[in-house]
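The values are calculated or read from the model by the stated rules, or taken from the named source; none is laboratory data. On a predicted model such as this, the values are computed, not experimentally measured, just so you know. In this analysis, Cβ positions are derived from the backbone assuming ideal geometry, glycine residues included, and neighbour counts consider all displayed protein chains.
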Amino acid sequence: MIAIDLGSNTIRFIEYDGLRWGKSYEKIVRTAEQLQATNIIGENALVRILNAIDEAKQCLDFTNQDIVAVTTAALRMANNRVDIIAKIHQHSGILFTIIDGAREAQLTRLAVQNRLKQLHINFTNFVLADIGGGSTELISCDDAKVTSISLPIGIVTMSEKAANSTQLELLLASFEEKVRLFYSSLGEKEYETRLILTSGTPTTIAAYRMGMDYSNYNPDKINGSILTLSDCVQTYMELMTMDESMRAKYVGVGREQLIATGILMVESLLKSSDVQEAIIIDDGLREGVALDYWETIH
């Protein structure tokens, strides 16, 4: 089967046969571009999505495969979501399902816990954070109890809301407060350094600290790596001194301007979680969709 995750910034594909992961493909499509101002997915974003699907079909074998495709915050917010999904289906034959924040959190947790098990990381409690383009999912896993919230703010939506540095500071402060409230709702349990981050920004920071760029990104090296608050600060300083073309080499075309907001959101998350470091996992919603599919049919 092929699992597809159309996010607010990136579309991701992966093959899975129930035992092994196959080929994967992803591309930055900026689904949520101008969504804050217009409340619609624009024509340019739609074209980028359709082109990315066409490119994925050149890399992955879509014949005789079950396709499970989900989409998240951008389509949840867009007034023209029904029309966009219909146009994608008409062009590609792929029918996307819009999932809510709770389902997104559930599938992301499934993928991350599967990867942690493979890495022999056996936490009984941790908090998982997934900073996406249009939303941020916070998931507390405490033995068998799972608590999650979806905050309607991500790196794309925050970037577009912040017209200047003062507005960005206010948005980041609001984000930090919401994260602290989430932790407060969990009670007195100590999570120590058991914060796990997934999604494009923390994996990009970790890859940059390891000397990788966008073209030679290796998820096997990322999974289980440690990202510290000082790593974020140093990476922000270094990337912001580069011109956009050099920055794109490390963070990917389409993330040159967004990466600054993304790193600041990761910093805010670490600060408001009262930890100095987090474990980075590359697996996310895409992998969770695939795992859930095989659990459902078997």
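Considering only residues that are surrounded by fewer than 17 Cβ atoms within 10 Å (Cβ to Cβ) and either of a type in the set (A, V, I, L, M) or touching a Leu at 6+ places or on another chain (Cβ under 9 Å) (or both), which ones fall in segment 196-211?
Met210 - this is the single residue of segment 196-211 that is surrounded by fewer than 17 Cβ atoms within 10 Å (Cβ to Cβ) and either of a type in the set (A, V, I, L, M) or touching a Leu at 6+ places or on another chain (Cβ under 9 Å) (or both).
Somewhere in segment 3-13, is a residue part of a loop (DSSP other than H, G, I, E, B), within 17 Å of Ala111 (Cα to Cα) and at pLDDT below 95? Please lay out each step first, then the result.
Initial filter on segment 3-13 (part of a loop (DSSP other than H, G, I, E, B)): 7-9.
If we keep only those that are within 17 Å of Ala111 (Cα to Cα) too, we end up with 7.
When the remaining residues are screened for being at pLDDT below 95, the result is 7.
The answer is yes; a qualifying residue exists.
Looking only at segment 9-25, filter to residues that are among the hydroxyl-bearing types (Ser, Thr, Tyr) and in contact with a Lys or Arg (Cβ under 8 Å, 6 or more places away or on another chain); which one of those is nearest to Ala56 (Cα to Cα)? Step by step, filter segment 9-25, then rank; the result is Tyr25.
All but one of (1) touching a Leu at 6+ places or on another chain (Cβ under 8 Å); (2) closer than 17 Å to Pro152 by Cα; (3) part of a helix (DSSP H, G or I) hold for Ile49, so report the exception by its number. Looking at each condition in turn, Ile49 falls short on (2).
Among the residues of segment 66-85, what is the count of those that are loosely packed, with under 13 Cβ neighbours inside 10 Å and farther than 19 Å from Tyr293 by Cβ? Don't jump to the end; show me each part of the working.
Filtering segment 66-85 for residues loosely packed, with under 13 Cβ neighbours inside 10 Å gives 66, 79, 82.
Filter once more, so that each one left must be farther than 19 Å from Tyr293 by Cβ: 79, 82.
Of the residues in that region, 2 qualify.
The single condition from (1) under 24 Å from Val127 (Cβ atoms); (2) at pLDDT below 90 that Ser245 fails is (1).
Just one residue in the set Ser245, Ser215, Ser159 is closer than 21 Å to Ser8 by Cα and small (Gly, Ala, Ser); that residue is Ser159.
Can you pull out the helices (runs of 4 or more DSSP H) entirely within segment 209-289 that have at least 2 residues that are polar (S, T, N, Q)?
229-240, 258-272
Scanning segment 203-214 for residues that are over 19 Å from Gly132 (Cα atoms), touching a Lys or Arg at 6+ places or on another chain (Cβ under 9 Å) and modelled with pLDDT of 90 or more yields a total of 2. Condition first: outside the structural domain of Asn164 (by TED's automatic domain parsing) and surrounded by fewer than 16 Cβ atoms within 10 Å (Cβ to Cβ). Can you find one or more residues in segment 282-294 that meet it? Looking for residues that are outside the structural domain of Asn164 (by TED's automatic domain parsing) and surrounded by fewer than 16 Cβ atoms within 10 Å (Cβ to Cβ), one finds at least one in segment 282-294, hence yes.
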